[in-house]
Amino acid sequence: TVDLIWEARTYTPPFYKGKAMYTPQEKITFVAMPNIINKSGSFVPPNTVTYKWSQNNTVMGDYSGFGIQSFYHKGSILMTPVDIDVEAKAPDGSIAKNYLTLSPTSPEIAFYENNSLYGILFNTEISNGFDFGDKEERSVSTFPYFFSGDTKANYYLSYKWGINGNPIDVPTNQTGMTFRNTENLEGRSIISITVNNINNFLQSASNAMVINFQKPKKVFSF
């Protein structure tokens, strides 16, 4: 047999336990892991195997051959799946085959509280609502999922903030926002964020959250 695994070169936040997903126009690495036993009962080393890679039923001759265990693919501008086949042939003629079909997904953007004491609270995503409490100031950070790059401050990512349908005039590389209730107001505000990859127009995501404001409690001293 031969196992076929893949890895997308997309960003995920710290402590994320899931897999980095494949998004449009993104690069993917496919790796073949052969499990072939020769006549003497020993496993055949992967670097002694000849690999034949195919993409969408077309043999990729320039990317196939002896010891070529990996294959690289860059997604197109179309949201279409890619079919990858691999054939692993051992020196004794034993052959193992496998294939997979991989469809691109859309990037996402999430909100987390940036706590002044504990830092980013990744344990709770706050898109469904954020209670401001009786504090005068709270901070929020956004984190993109599955965009190209290895940091959220990627030069190609543009962040556009809004509040109650109106744009907030801040730099397009600003990934966090601090909100203050200095006027002791009560109510709610809708905070929106849109992230675009200016180098890859198909990578875009939007999200919104509701902040519930309360009047800060007054502290009396005697």
Exercise. Which whole-number percent is the relative contact order of the chain (Cα, under 8 Å, 6+ apart)?
Worked result: 20 percent
Exercise. At Glu183 and Ile77, where each label point lies 7 Å from the Cα along Cα→Cβ, what is the point-to-point distance in nanometres?
Worked result: 4.5 nm
Exercise. Roughly speaking, to the nearest percent, how much of the chain's 1.4 Å accessible area is carbon and sulfur?
Worked result: 51 percent
For this session: Provide the solvent-accessible area of Ile77, counting protein heavy atoms only and rolling a 1.4 Å probe, rounded to the nearest 10 Å².
Result: 100 Å²
Seminar exercise, completed: By the mean-Cβ-within-10 Å protection proxy, highest first, 145-151, 67-73, 91-97 rank as 145-151, 67-73, 91-97
Exercise. Given a 1.4 Å probe, how much area per residue of the chain is accessible, in Å²?
Worked result: 59 Å²
Exercise. Counting only the heavy atoms of the protein chains, how much of Ser206 is accessible to a 1.4 Å probe, in Å² to the nearest 10?
Worked result: 80 Å²
Seminar exercise, completed: P(r) over all Cα-Cα pairs of the stretch 92-221, 10 Å bins from 0 to the longest distance, whole percent per bin, short to long, reads 11, 36, 27, 12, 7, 4, 2, 1, 0
Exercise. Picking from Gly18, Asn154, Val31, whose Cα lies most toward the positive end of the charge dipole for the stretch 17-169 (charges on Cβ: Lys, Arg +1; Asp, Glu -1)?
Worked result: Val31
Problem set entry | P(r), alpha carbons of the stretch 94-154 - 10 Å bins starting at zero, rounded % | 16, 35, 22, 13, 8, 4, 1
For this session: Report the charge-dipole magnitude of the stretch 99-222 in Debye, nearest 20, computed about the Cα centre from +1 at each Lys and Arg Cβ and -1 at each Asp and Glu Cβ.
Result: 160 debye
For this session: Scale the Cα Rg of the stretch 148-218 by the rule-of-thumb value 2.2 N^0.38 Å and send over the ratio, two decimals.
Result: 1.34
Exercise. Out of these labelled values of mean projected area of the Cα convex hull in nm², (i) 15.2; (ii) 17.3; (iii) 14.6, which was calculated from the coordinates shown here?
Worked result: (ii)
Problem set entry | Which of Gly93, Gly176, Val49, positive extreme of dipole for the chain (C-beta unit charges) | Gly176
For this session: Compare Phe132, Phe201, Phe43 in a GNM of the chain, Cα atoms joined below 10 Å, and give the one with the largest fluctuation.
Result: Phe43
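The values are calculated or read from the model by the stated rules, or taken from the named source; none is laboratory data. These numbers were taken from a predicted model, which means no experiment stands behind them. Here Cβ is always computed from backbone atoms with ideal geometry, including for glycine, and neighbour counts include all displayed protein chains. These accessible areas exclude ligands, DNA and RNA; they are computed on the full protein's heavy atoms, side chains included. Shrake-Rupley method; radii C 1.70, N 1.55, O 1.52, S 1.80 Å.
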